[in-house]
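Worksheet: the structure to be examined is printed underneath.
The values are calculated or read from the model by the stated rules, or taken from the named source; none is laboratory data. Predicted model, so just to flag it, every value in this text is computed and none were measured. Heads up, the Cβs are rebuilt from the backbone with ideal geometry, glycines too, and the neighbour counts pull from every protein chain shown. Heavy atoms of the whole protein, side chains included, go into the accessibility calculation; ligands, DNA and RNA do not. Shrake-Rupley method; radii C 1.70, N 1.55, O 1.52, S 1.80 Å.
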Amino acid sequence: MEKRRGKYVSVILILAVFLLLTVALLGQYGWMRNLSVKSELNILDNSVFDNADLSGVKDRETAESAGCLYVWDSEDENSNVFHEQITQIFQDMKVDYREIDLRDGSVIELEQYDIIVLGFTNYQENSELLLAAVDWMEAGGSLFLPQVPEGGSVYDWMSSHIGVMNMGKTYYSVSGIRIEEDFMLTGGASDYKIMYPFESALPVELNENCSVYIVTADEREIPVLWETQAEKGHVVAVNLGHYEKSYRGIYAMAYSLLSEYCVWPVVNSASFYLDGFPFPLPSDKNGYITDAYGEGMDTYSFYVREWWNDLLSLAGKYGIRYTGTIVENNDDEVEPPYEEKNSANRYQYFISSMLEAGGEAGMYGYNQQPLCLETSSLDPAELEKLPDYEKDLKLNYWNSVQDMADGLREAVRFCQTITEDITLQVYTPPSGILSEEGKRAVKEALPDIRSIAGSYFGQGYAAEQEYEVDENGMILTPRITSGCNFDESMKMSALSELNMHYVASHAMSPLDVLNPDAGAELGWPALYETLENYEKWLEGAAGNIRKHTGSEAAAAVQRFYYAAIDGKPAESGTDFYIDNFQDEAWFLIRFNKWEPEADKTEGGELFHLTGNLYLLKAEAESISVVKKG
């Protein structure tokens, strides 16, 4: 009898434990289904900006008056390349400028401008303008020479007026730059390598009156960026000769030296995207994983126990708030029917822990295939610009916009089986590729999507984005860096954009650890160390930058895009006025002539970053900054 009673007790205990586990699991599942993390910064309705005036930013060619004149030459190859970058810099910095192409034959009247930018290299051909520009500058103007000129007698004459004592006859290859402490946000690393150097700079020696902020990162330390006074005027020169998008921040910093102060809107946002995550976890073994963790580690266990736990640890250390964009299948099928092939249960742990850590879920797609038709306007010639491993990209074209939209609808339905209470506001296109037809499919199937996070640089089929709001109100939030294996180009790009837009945006795929072209042979421990080094650099360079999810980054870009600022002298300092102000706006500001009393700022807050560079938060449409002393 006692034995029988013991058996019953054992059975009851087992049932009780099972019941408790079931309740706990159901409770967790129910909690997860209703979990939503309140955004710190919300995307505003597009109607808020219906009356926003951006014409003053975009229509500079027809402006009757402006503070800055930009002169370029459409028949000068280097001038053409630089023109694409400097005009975007001016647009984003909201510079009040007028643009003149030397080939238009327009009369150039220098005296009505405060700043003149000479964006061409053929000095011999334009000697008359250069003579006039030097006279204008020495009478009190600010002259910006952002491009390395062709040598010749005109530059030989001009060099003495811009601080140059001696100059070599052949161009110098700049393999890296060394930045003076306190000039830019560098994260403590003063040297940055140039990935593809060529003979681009003039080997100059400057007189003692020049202030040099960047030199070549070698024993010669040839001046790359300097400023000097010339009689009553002021000159800033850049002797770099690299005009790609990844150097914009250097030219923006150079421009900021030209006036009493320079203030421009910024995004103030650091975001981290996990493209195609969560995803169907593979269950086999992979050599890159077993090499690092032993034969007992299968791929599924690696992602659950190692990869994801490491990323959560990284988020805890550095305040990262991941945006995981969900993919339903790992296949490349584009033909209907679009059906669920994987259990949603395996997604629930990743989604719940990501949301609990302050992250956000977005949309990647039904599968890994970009949204393109065979007739989409994609230029095959662009493939020649890709690395060899990317030239083998196989596109399975969708048959119609309707098919693309149906695939996305299936992905949304799948997401709702993971959690009912979810709004997908961010879309990250597979491989960075998104055709115009694909955009229509996204708009049709995903009405809640407010942001497309693609590639800042773009190559091959990937569309290049700027930080902006397009004509349909979609917010573009491109990623600057990607993967776990940072090359010198990515480091330069991260440096540049932190100083241009005060933004950091990184993306990685969970499949990178299986991809030899993404550094898989290094092993996840080494790749993780590289990621952490990037976060340490960002912490050191911009410790107060806001850590955002994808939708918050979009909200920050939306406010940045519409904000414009103007300053007027005041008795105690300068009063600033903001156009299109909503609830907040952020600006970088360099004070070249005086030092502010930061704690006396009214209408906002002023934060010291480095040297004479500050971060300004606007809390009202007018702000007063007080001079110290």
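Give the shape of the stretch 101-217 as rounded, prolate or oblate, defined through the alpha-carbon gyration tensor: a ≥ b ≥ c are the square roots of its eigenvalues, a/c under 1.5 means rounded, and otherwise the shape is prolate if a/b is larger than b/c and oblate if not. Write out the running numbers ahead of the final one.
Values: a/c = 1.86, a/b = 1.59, b/c = 1.17.
In terms of gyration-tensor shape, prolate.
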Interchain or long-range residues, amide H under 5 Å from residue 362's placed H:
324, 325, 326
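Would you work out what percent of the accessible area of the stretch 482-629, with all protein chains in place, is carbon or sulfur (probe 1.4 Å)? Present the calculation step by step, with values, prior to reporting the outcome.
Numbers: 2370 of 5420 Å².
Exposed carbon and sulfur together represent 44 percent of the surface.
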Please calculate the 1.4 Å probe accessible area of residue 374, with all protein chains present, and give it to the nearest 10 Å².
150 Å²
Within 10 Å of each candidate Cβ there may be at most 14 other Cβ atoms; applying that plus a DSSP loop requirement, which GluC sites (Glu not before Pro) in the stretch 291-334 survive?
295
At a 1.4 Å probe, what is the % contribution of carbon and sulfur to the accessible area of the stretch 298-347?
41 percent
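Looking at the chain, what % of its DSSP beta bridges pair antiparallel, to the nearest 5? Don't skip to the answer; put the middle values down first.
Details: 54 of 99 bridges.
So the antiparallel bridges in the chain amount to around 55 percent.
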What's the extension gain from residue 283 to residue 170 if we count 0.36 nm per residue and subtract their Cα-Cα distance?
34.7 nm
Tell me the angle of helix 2-33 to the major Cα principal axis of the chain, expressed in degrees between 0 and 90 and rounded to the nearest ten.
30 degrees
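How would 583, 291 line up by accessible area, probe 1.4 Å, largest first?
291, 583
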Pairs of Cα atoms under 8 Å, at least six residues apart: use those to get the relative contact order of the chain, whole percent.
15 percent
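How about the stretch 525-624: which trypsin sites (Lys or Arg not before Pro) there are in a DSSP loop, with at most 14 other Cβ atoms within 10 Å of their Cβ?
Values: sites: 536, 546, 547, 559, 590, 593, 600, 617; in loops: 546, 593.
Listed in order of number, the matching sites are 593.
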Using only protein heavy atoms and a 1.4 Å probe, report how much of residue 172 is accessible, in Å² to the nearest 10.
50 Å²
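How many percent of the accessible area of the stretch 192-243 is carbon or sulfur, using a 1.4 Å probe?
Working: 1040 of 2400 Å².
Result for the stretch 192-243: 43 percent of the exposed heavy-atom area is carbon or sulfur.
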Return the sequence-ordered ³J(HN,Hα) values of the stretch 452-458 in whole Hz as given by the Karplus equation 6.51 cos²θ - 1.76 cosθ + 1.60 applied to θ = phi - 60°, using x for Gly and Pro.
10, 9, x, 9, 6, 9, x
Along the stretch 158-164, Karplus-curve 3J(HN,Hα) (6.51, -1.76, 1.60; θ = phi - 60°) to the nearest Hz, with x for Gly and Pro, reads 6, 4, 5, 8, 10, x, 8
Compute the long axis of helix 77-93 from its Cα atoms, compare it with the longest principal axis of the Cα atoms of the chain, and write down the angle in degrees, 0 to 90, nearest 10.
70 degrees
³J(HN,Hα) computed for each position of the stretch 170-179 - Karplus, 6.51 cos²θ - 1.76 cosθ + 1.60, integer Hz, glycine/proline x:
10, 6, 10, 7, 9, 8, x, 10, 10, 9
Separation of the stretch 456-523 and the stretch 305-366 by C-alpha centroid, Å?
19 Å
Per DSSP, loop trypsin sites (Lys or Arg not before Pro) in the stretch 134-235 with at most 16 further Cβ within 10 Å
169, 220, 232
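If you rank 616, 514 by how much accessible surface each has, with a 1.4 Å probe, what is the order from largest down?
Working: 616 0, 514 45 Å².
Correct descending sequence by accessible area is 514, 616.
Is the shape of the chain best called rounded, prolate or oblate, per the rule: a/c under 1.5 gives rounded, else a/b larger than b/c gives prolate, else oblate, with a ≥ b ≥ c the square roots of the Cα gyration tensor eigenvalues? It would help to have the intermediate numbers written out before the result.
Numbers: a/c = 2.05, a/b = 1.91, b/c = 1.07.
Prolate shape, in that a/c is at least 1.5 and a/b is the bigger ratio.
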How much of residue 136 can a 1.4 Å solvent probe reach, expressed as accessible area in Å² and rounded to 10?
30 Å²
Just for the stretch 417-547, what percent of DSSP beta bridges are antiparallel, to the closest 5?
20 percent
Return the whole-Å distance between the Cα centroid of the stretch 536-604 and the Cα centroid of the stretch 106-133.
33 Å
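Report, in deg cm²/dmol and to the nearest 500, the calculated mean residue ellipticity at 222 nm for the chain, where each DSSP H run with n ≥ 4 adds -39500 (n - 2.57) and the sum is divided by the residue count.
After summing the helix terms and dividing by the residues of the chain, the value is -9500 deg cm²/dmol.
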Taking Cα atoms, the helix 127-138 axis meets the longest principal axis of the chain at an angle in degrees (rounded to 10) of 90 degrees
Near the amide H of residue 435, under 5 Å away, which other amide H atoms are found, from residues 5 or more places off or on another chain, if H is placed in the peptide plane?
371
Heavy-atom accessible area per residue, the chain, 1.4 Å probe: how many Å²?
44 Å²
